[in-house]
1. May I ask you to list the residues in segment 112-147 that are at positive phi and either in a strand (DSSP E or B) or at pLDDT 90 or above (or both)?
2. Does residue 150 fit the bill of being within 16 Å of residue 81 (Cβ to Cβ), open to solvent by 30 Å² or more (accessible area, probe 1.4 Å) and at pLDDT below 85?
3. For the list (1) more than 12 Å from the chain's Cα centre (by Cα); (2) touching a residue at least 40 places away in the same chain (Cβ under 8 Å), I need the number of the one condition that residue 89 fails.
4. Exactly one of these conditions fails for residue 9: (1) within 22 Å of residue 84 (Cβ to Cβ); (2) open to solvent by less than 90 Å² (accessible area, probe 1.4 Å); (3) modelled with pLDDT of 65 or more; (4) not polar (S, T, N, Q). Give me its number.
5. Just the residues that are hydrophobic (A, V, I, L, M, F, W, C), open to solvent by 30 Å² or more (accessible area, probe 1.4 Å), out of contact with any Cys (no Cβ under 8 Å at 6 or more places or on another chain) and more than 16 Å from residue 100 (Cβ to Cβ), please, taken from segment 49-88.
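The values are calculated or read from the model by the stated rules, or taken from the named source; none is laboratory data. Quick caveat, the model's predicted, so the values are computed rather than measured. Note that we place each Cβ from the backbone using ideal geometry, even for glycine, and neighbour counts take in every protein chain shown. Note: areas computed on protein heavy atoms with side chains; ligands, DNA, RNA excluded. Shrake-Rupley method; radii C 1.70, N 1.55, O 1.52, S 1.80 Å.
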Amino acid sequence: MKRECGISPTTLLICLTLLAGCFEDRWDKEVSSNPSAAKVSASGLCKAYGLDRAKADKDYKGKIIEVYGPVQETWAEGERTMVVLSVGKEAEVRCMVSPASGPDLADLKVGRPTMLKGKCRGIVRGDLMLGGCLIQDPLRALKAKTMTGDPQ
(Lines give C-alpha, C1' and ligand atoms only; values in the text may rest on other atoms or scores of the structure.)
Protein backbone atom coordinates (compact mmCIF):
# COMPACT_ATOMS: atom_id res chain seq x y z
CA MET A 1 0.00 0.00 0.00
CA LYS A 2 1.39 3.38 -1.02
CA ARG A 3 1.71 5.90 1.83
CA GLU A 4 1.56 9.51 0.73
CA CYS A 5 1.33 11.10 4.19
CA GLY A 6 3.99 8.91 5.83
CA ILE A 7 1.61 7.31 8.36
CA SER A 8 1.24 3.56 8.29
CA PRO A 9 -2.29 2.11 8.14
CA THR A 10 -1.71 0.38 11.48
CA THR A 11 -0.69 3.62 13.21
CA LEU A 12 -3.68 5.39 11.74
CA LEU A 13 -6.03 2.63 12.94
CA ILE A 14 -4.59 2.78 16.47
CA CYS A 15 -4.98 6.58 16.58
CA LEU A 16 -8.57 6.41 15.37
CA THR A 17 -9.42 3.74 17.95
CA LEU A 18 -7.95 5.85 20.76
CA LEU A 19 -9.81 8.93 19.55
CA ALA A 20 -13.09 7.00 19.47
CA GLY A 21 -12.66 6.22 23.17
CA CYS A 22 -11.97 9.90 23.96
CA PHE A 23 -15.13 10.94 22.17
CA GLU A 24 -17.15 8.36 24.11
CA ASP A 25 -15.94 9.86 27.42
CA ARG A 26 -16.86 13.34 26.23
CA TRP A 27 -20.27 12.08 25.09
CA ASP A 28 -20.92 10.46 28.48
CA LYS A 29 -20.63 13.85 30.19
CA GLU A 30 -22.65 15.64 27.52
CA VAL A 31 -25.44 13.04 27.54
CA SER A 32 -25.78 12.99 31.33
CA SER A 33 -25.87 16.78 31.70
CA ASN A 34 -28.22 17.74 28.83
CA PRO A 35 -31.89 17.08 28.08
CA SER A 36 -32.97 14.94 25.15
CA ALA A 37 -33.79 16.61 21.85
CA ALA A 38 -36.15 13.79 20.80
CA LYS A 39 -37.74 10.56 21.99
CA VAL A 40 -38.19 7.89 19.32
CA SER A 41 -38.66 4.14 19.09
CA ALA A 42 -35.78 2.07 17.73
CA SER A 43 -37.98 1.04 14.81
CA GLY A 44 -38.97 4.66 14.13
CA LEU A 45 -35.32 5.72 14.11
CA CYS A 46 -34.33 2.91 11.74
CA LYS A 47 -37.29 3.70 9.50
CA ALA A 48 -36.29 7.37 9.36
CA TYR A 49 -32.75 6.41 8.30
CA GLY A 50 -34.10 3.88 5.79
CA LEU A 51 -36.41 6.39 4.11
CA ASP A 52 -34.12 9.42 3.90
CA ARG A 53 -30.67 9.24 5.44
CA ALA A 54 -29.84 12.92 4.82
CA LYS A 55 -33.04 14.08 6.54
CA ALA A 56 -32.54 11.63 9.43
CA ASP A 57 -28.96 12.88 9.89
CA LYS A 58 -30.30 16.44 10.00
CA ASP A 59 -32.99 15.48 12.53
CA TYR A 60 -30.97 13.17 14.81
CA LYS A 61 -27.20 12.97 14.16
CA GLY A 62 -25.15 14.76 16.79
CA LYS A 63 -28.18 15.25 19.04
CA ILE A 64 -28.97 13.64 22.35
CA ILE A 65 -31.99 11.41 21.89
CA GLU A 66 -33.95 8.81 23.85
CA VAL A 67 -34.50 5.56 22.00
CA TYR A 68 -36.74 2.77 23.25
CA GLY A 69 -37.28 -0.80 22.15
CA PRO A 70 -36.78 -4.43 23.16
CA VAL A 71 -33.25 -5.60 24.02
CA GLN A 72 -31.94 -8.01 21.39
CA GLU A 73 -28.56 -8.74 22.98
CA THR A 74 -25.80 -7.33 25.19
CA TRP A 75 -22.07 -7.96 25.51
CA ALA A 76 -19.09 -6.43 27.29
CA GLU A 77 -16.53 -4.37 25.39
CA GLY A 78 -13.86 -3.53 27.95
CA GLU A 79 -15.45 -1.50 30.74
CA ARG A 80 -18.45 -0.63 28.58
CA THR A 81 -21.42 -2.70 27.50
CA MET A 82 -22.92 -2.82 24.03
CA VAL A 83 -26.71 -2.98 24.10
CA VAL A 84 -28.52 -3.81 20.87
CA LEU A 85 -32.15 -2.79 20.52
CA SER A 86 -34.11 -5.01 18.18
CA VAL A 87 -36.09 -3.55 15.33
CA GLY A 88 -36.68 -6.63 13.24
CA LYS A 89 -34.68 -9.03 11.14
CA GLU A 90 -33.03 -6.34 9.05
CA ALA A 91 -32.32 -3.45 11.44
CA GLU A 92 -31.03 -2.74 14.93
CA VAL A 93 -29.78 0.16 17.02
CA ARG A 94 -26.46 -0.33 18.80
CA CYS A 95 -25.76 1.64 21.96
CA MET A 96 -22.43 1.76 23.80
CA VAL A 97 -23.56 2.12 27.43
CA SER A 98 -21.58 4.27 29.84
CA PRO A 99 -20.13 2.67 32.99
CA ALA A 100 -22.39 5.10 34.93
CA SER A 101 -25.35 2.88 34.00
CA GLY A 102 -23.70 -0.19 35.56
CA PRO A 103 -26.35 -0.73 38.27
CA ASP A 104 -29.12 -0.71 35.64
CA LEU A 105 -27.41 -3.30 33.44
CA ALA A 106 -28.54 -6.12 35.73
CA ASP A 107 -32.17 -5.34 34.84
CA LEU A 108 -31.59 -5.70 31.09
CA LYS A 109 -33.04 -8.91 29.74
CA VAL A 110 -33.35 -10.06 26.14
CA GLY A 111 -36.82 -9.20 24.87
CA ARG A 112 -37.56 -6.71 27.67
CA PRO A 113 -38.27 -3.13 26.53
CA THR A 114 -35.79 -0.49 27.66
CA MET A 115 -35.03 3.16 27.02
CA LEU A 116 -31.54 4.49 26.32
CA LYS A 117 -30.42 8.12 26.16
CA GLY A 118 -27.38 8.79 23.99
CA LYS A 119 -25.81 10.91 21.31
CA CYS A 120 -26.85 9.78 17.85
CA ARG A 121 -23.84 8.91 15.70
CA GLY A 122 -25.96 8.01 12.66
CA ILE A 123 -24.91 5.09 10.48
CA VAL A 124 -21.46 3.80 11.45
CA ARG A 125 -20.07 0.81 9.54
CA GLY A 126 -23.56 -0.16 8.46
CA ASP A 127 -25.14 0.04 11.93
CA LEU A 128 -27.23 2.76 13.52
CA MET A 129 -25.22 3.83 16.58
CA LEU A 130 -25.67 5.87 19.75
CA GLY A 131 -22.68 6.93 21.83
CA GLY A 132 -22.27 7.63 25.54
CA CYS A 133 -25.59 5.96 26.36
CA LEU A 134 -27.29 5.97 29.73
CA ILE A 135 -30.09 3.62 30.64
CA GLN A 136 -33.24 5.62 31.31
CA ASP A 137 -35.10 3.53 33.87
CA PRO A 138 -38.38 5.28 34.78
CA LEU A 139 -38.67 3.08 37.87
CA ARG A 140 -35.16 3.84 39.22
CA ALA A 141 -36.38 6.16 42.02
CA LEU A 142 -39.10 3.71 43.06
CA LYS A 143 -36.62 0.81 43.12
CA ALA A 144 -34.21 2.86 45.27
CA LYS A 145 -36.98 3.63 47.77
CA THR A 146 -37.95 -0.03 47.90
CA MET A 147 -34.36 -1.11 48.57
CA THR A 148 -33.98 1.42 51.40
CA GLY A 149 -37.44 0.74 52.88
CA ASP A 150 -38.59 4.33 52.43
CA PRO A 151 -42.45 4.32 52.35
CA GLN A 152 -42.72 7.72 50.66
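1. Matches in segment 112-147: 122, 132.
2. Details: within 16 Å of residue 81 (Cβ to Cβ): no; open to solvent by 30 Å² or more (accessible area, probe 1.4 Å): yes; at pLDDT below 85: yes.
Spelling it out, it is not the case that residue 150 is within 16 Å of residue 81 (Cβ to Cβ), open to solvent by 30 Å² or more (accessible area, probe 1.4 Å) and at pLDDT below 85.
3. That leaves (2) as the condition not met.
4. Of the numbered conditions (1) within 22 Å of residue 84 (Cβ to Cβ); (2) open to solvent by less than 90 Å² (accessible area, probe 1.4 Å); (3) modelled with pLDDT of 65 or more; (4) not polar (S, T, N, Q), the odd one out for residue 9 is (1).
5. Listed by number, the residues that qualify are 51, 54, 75.
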